[in-house]
1. Please express the shape of the chain as an equivalent ellipsoid: the semi-axes are the square roots of 5 times the eigenvalues of the C-alpha gyration tensor, given largest first in whole angstrom.
2. Of K103/K186; K78/K121; K101/K121, which pairs sit farther than 29 Å apart, going by alpha carbon to alpha carbon?
3. Given the alpha-carbon gyration tensor of region 219-258, what are the semi-axes of its equivalent ellipsoid in whole angstrom, ordered largest first, with each equal to the square root of 5 times an eigenvalue?
4. Tell me, what ³J(HN,Hα) does each residue in region 208-220 have, in order and in whole Hz, if you take phi through Karplus 6.51 cos²θ - 1.76 cosθ + 1.60 with θ = phi - 60° and put x for Gly and Pro?
5. Pop out the ³J(HN,Hα) list for region 111-120 in order, Karplus 6.51 cos²θ - 1.76 cosθ + 1.60 with θ = phi - 60°, rounded to Hz; leave Gly and Pro as x.
6. Given region 34-176, what whole percent of its Cα pairs are spread farther than 27 Å?
7. Starting from the 7 Å offset along Cα-to-Cβ, what nm value, one decimal, do you get for the label separation of L104 and N64?
8. Amide H neighbours of L116 under 5 Å, counting only residues 5+ apart in sequence or on other chains, H built in-plane at 1.01 Å?
Amino acid sequence: MFKIKYILSFFFIGMFLMTFPSYGQGQKDSLQYKVDLSVSGRRISGTFSQVVAGGGVNVDLLYNNWHLENNATYRYNKTNTRLIEDNWYDLATLKYYPNGKKKLYPGAFYHFDNNLIYRVKNRHQYGIGLGSVLDKGAMKLSMLAVVANESSTYNGSEFVNSERDFSNRKNGLFLFRLDNGYAIAKKKINLFYQLFYFQSLKESADYDLRLNARVSFKLFKGFSFHVVYDYRFENVHLESLSNYNDIVLFGFNWTLKD
């Protein structure tokens, strides 16, 4: 049986070879972009002190039949003298639309995060798969199914629901990702959610569920207010930790696009 890394190599070679027919047709170069910046935070001093800061940048590039999406966020939370969050998150997705068609396309992704709450020092996930986009005016639905590889380092080694007690955990994964967005009130209100399901190929009890839901209210051109709900469930987790964590964020974002 081929290892996942060999499958990944064949996949990238295949994506590269698929580009030649498009260029042979004399397609004109075109670039579309969208950059979304967000920031949020609060500070409390006195008997109870707290500093919370968060920010993110989403970059969306479409060049001919290639589509690159990169979402990066950072969260910092220090309450009294305890550091609760100092977390980075990055998700990059590369898609190729054969002949410009989005009904069925190959895609690849890379994900990195670290999380003090889950005592994750670093987590790397990368993989390949097939996706589909359904664009119906106000609604845009995107699905991606991926075979992936994971390498994670934890601050601890004893896990609930797992017999593999190692601080360095490597895994083969199946990932299903669903993105769905709606624009209403003449695009002044935008609703979006992103759902992930991760399933280990080594342990049936090792699965994660992540939900990120966002509502944006347009204030004026390019500037809006947003509310974000972030939920994460991990069935395999370090002992003494909860299997879920959620957070609600408020902030502003500024969008640049062509």
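A short reminder: the numbers here are calculations on the coordinates, not readings from a lab. What you see is a predicted model; the values in this text were computed from it and never measured. In this analysis, Cβ positions are derived from the backbone assuming ideal geometry, glycine residues included, and neighbour counts consider all displayed protein chains.
1. 32, 28, 15
2. Going by Cα-Cα distance, K101/K121 fall outside the 29 Å limit.
3. Numbers: eigenvalues 239, 23, 7 Å².
That gives 35, 11, 6 Å for the three semi-axes.
4. Once rounded to whole Hz, the list reads 10, 9, 10, 10, 10, 10, 9, 10, 10, 10, 6, 8, 7.
5. Couplings: 10, 9, 7, 10, 8, 5, 4, 8, 6, 9 Hz.
6. Numbers: 4037 of 10153 pairs.
Taking all Cα-Cα pairs of region 34-176, the fraction more than 27 Å apart is 40 percent.
7. Here the answer is 2.4 nm between the modelled labels.
8. It is D86, by chain and number.
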